[in-house]
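This report refers to the structure that appears directly beneath it.
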Amino acid sequence: MQSHLSPKVLMLLTSDFVKSRYEALRSRAPDLRVITEIEGASDPDVTALFAFKLPAGIAPRLPNLRLAASVGAGADGILSAPDLPPHVKVTRAVEPGLGFSMAQFVTLQILRHFRSLPLMEQQHAASEWKRLAVPDASQVTVGVMGLGSIGSVVADSLVALGFKVIAWTRTSRDARVPLFVGERQKDEFLAQSKYLVCLLPFTPETKGSLDRASLRKLPKGSFLVNVARGGIVVEGDLLSLVNEGHLAGAALDVFATEPLPGDSPFWRHEHILVTPHIAAQPTVGPVVNQFLENLRRLAQGQPLLNEVDRSVGY
Ligand code: NDP
Ligand code: OXD
């Protein structure tokens, strides 16, 4: 490829996560023009952006931007830019390994609580031989919010472990588990979910949707696993419901503010486990290949892989 003919790509190195994708892109496509800062007040040569977050003020300096590709599964960090022109196509990363990593993480959190791992660790530390009752997964319902490329793999894994699994989606379709659809079936879905796994995208509709009123609908003693985006849950409402004993606890991997501030009451809470947004990550190779394929498709006017529907935000 002649360098003067290749597209020019801007990567915003906002984290190590993006930096490793930058290095992989450079080594897989050495002739591609990739910059990490806009050269000058504006750069009319940049046609594609590859990033996790798009701060305000960048898009207007790229007058010929046509593609904004997320290096992650969620494109919310790009869609939230207030000045991204409506004609720019947005894509996100989809790859099979991501569903498996997420299924490992979610089942780890559910089983840790369901099989009382913290108590076993305490007993171990105290040299205490005390047999615990073995709970029956077939009597326990896990509700998976969002049955997309990741949620469907998580749901299948939980079924394989013997749990009753139900799911909640925005639109109706065929599914391997009982499906509840839209706002009209949300309360019925929540009322059955002893474990609630949030795998929704962060959109104007889902933002703040797990508030006190919704979380209160869960059966008493329920447990929340949020691996989607922090802003979907109203954090103060969650904390009150755990402190009041309505919820047994939560495993939280994502937060409204990341990194989670040191003074957050979630840290060290005995019924809450905080992890630093590490539930799953798209594998570098497939994501970089998908981006290169989309550059090719863009140049040839073909439909893009994993394009986000900007009218619904995912
Ligand atoms: P998808 O876009 O494939 O699936 C989204 C699912 O959510 C779909 O089933 C969709 O319904 C449903 N949904 C969307 N909006 C609503 C709504 N308003 N009401 C009910 N259901 C709704 O997403 P993925 O499975 O690929 O990823 C899910 C999320 O996981 C990502 O957006 C990201 O935020 C998060 N993530 C977190 C990671 C971490 O490390 N913590 C790593 C990777 C991803 P329908 O089927 O009807 O369209
Ligand atoms: C993602 C994430 O969206 O890491 O890929 O959260």
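The values are calculated or read from the model by the stated rules, or taken from the named source; none is laboratory data. All values reported here derive from a predicted model rather than from experimental measurement. Positions of Cβ are backbone-derived with ideal geometry, glycine not excepted, and every protein chain shown enters the neighbour counts. Accessible surface areas use protein heavy atoms only, side chains included; no ligands, DNA or RNA. Shrake-Rupley method; radii C 1.70, N 1.55, O 1.52, S 1.80 Å.
In order along the stretch 260-277, the phi-based Karplus estimate (6.51 cos²θ - 1.76 cosθ + 1.60, θ = phi - 60°) of 3J(HN,Hα) comes to 4, x, x, 8, 5, x, 5, 4, 6, 5, 5, 10, 10, 10, 9, 10, x, 6 Hz; Gly and Pro are listed as x. Between amide H atoms placed 1.01 Å from N, distances below 5 Å from VAL90 occur with ALA68, VAL308, all of them 5 or more places distant or on a separate chain. Which log10 I(q)/I(0) values does the stretch 54-140 give at q = 0.15, 0.16, 0.26 Å⁻¹ under the Debye formula, counting every alpha carbon as one identical point scatterer? These q points yield log10 I(q)/I(0) values of -0.72, -0.76, -1.21. Basic side chains Lys and Arg get +1 at the Cβ, acidic Asp and Glu get -1 at the Cβ, and with that the dipole of the stretch 96-274 about its Cα centre reaches some 420 debye. Amide hydrogen proximity for ILE272: with H placed 1.01 Å from N in the peptide plane, the residues at 5 or more positions away or on another chain lying under 5 Å are ALA250. Seen through its C-alpha gyration tensor, with square-root eigenvalues sorted a ≥ b ≥ c, the stretch 12-76 comes out oblate because a/c lies at 1.5 or above while a/b is not bigger than b/c.
The order of TYR22, TYR314, TYR195 by accessible area, most exposed first and with a 1.4 Å probe, is TYR314, TYR22, TYR195. For the stretch 86-168, the relative contact order is 33 percent, taking Cα pairs closer than 8 Å that sit 6 or more residues apart in sequence and dividing their mean separation by the residue count.
Taking only DSSP H segments of four or more residues, each worth -39500 (n - 2.57), what value at 222 nm results for the chain once the sum is divided by all its residues, to the nearest 500 deg cm²/dmol? Value at 222 nm, helices only, nearest 500: -8500 deg cm²/dmol. Which whole-number percentage describes the relative contact order of the chain, with Cα contacts under 8 Å and a sequence gap of 6 or more? In percent, rounded to a whole number, it is 16. The peptide list 121-131, 257-267, 55-65, 228-238, put in order of mean Cβ contacts within 10 Å with the highest first, becomes 228-238, 55-65, 257-267, 121-131. Directionally averaged projected area (the stretch 96-274, Cα convex hull): 11.0 nm². Taking packing as the residue-averaged number of other Cβ atoms within 10 angstrom, the listed peptides 290-297, 104-111, 183-190, 248-255 run from highest to lowest as 248-255, 104-111, 290-297, 183-190.
Largest to smallest in accessible area, the residues LYS220, LYS53 fall in the order LYS220, LYS53 (1.4 Å probe, all protein chains included). Would you kindly calculate the translational diffusion coefficient of the chain, applying Stokes-Einstein with the Kirkwood radius from alpha carbon pairs, for 25 °C and a viscosity of 0.890 mPa s, and quote it in µm² s⁻¹ without decimals? The estimated diffusion coefficient comes to 116 µm²/s.
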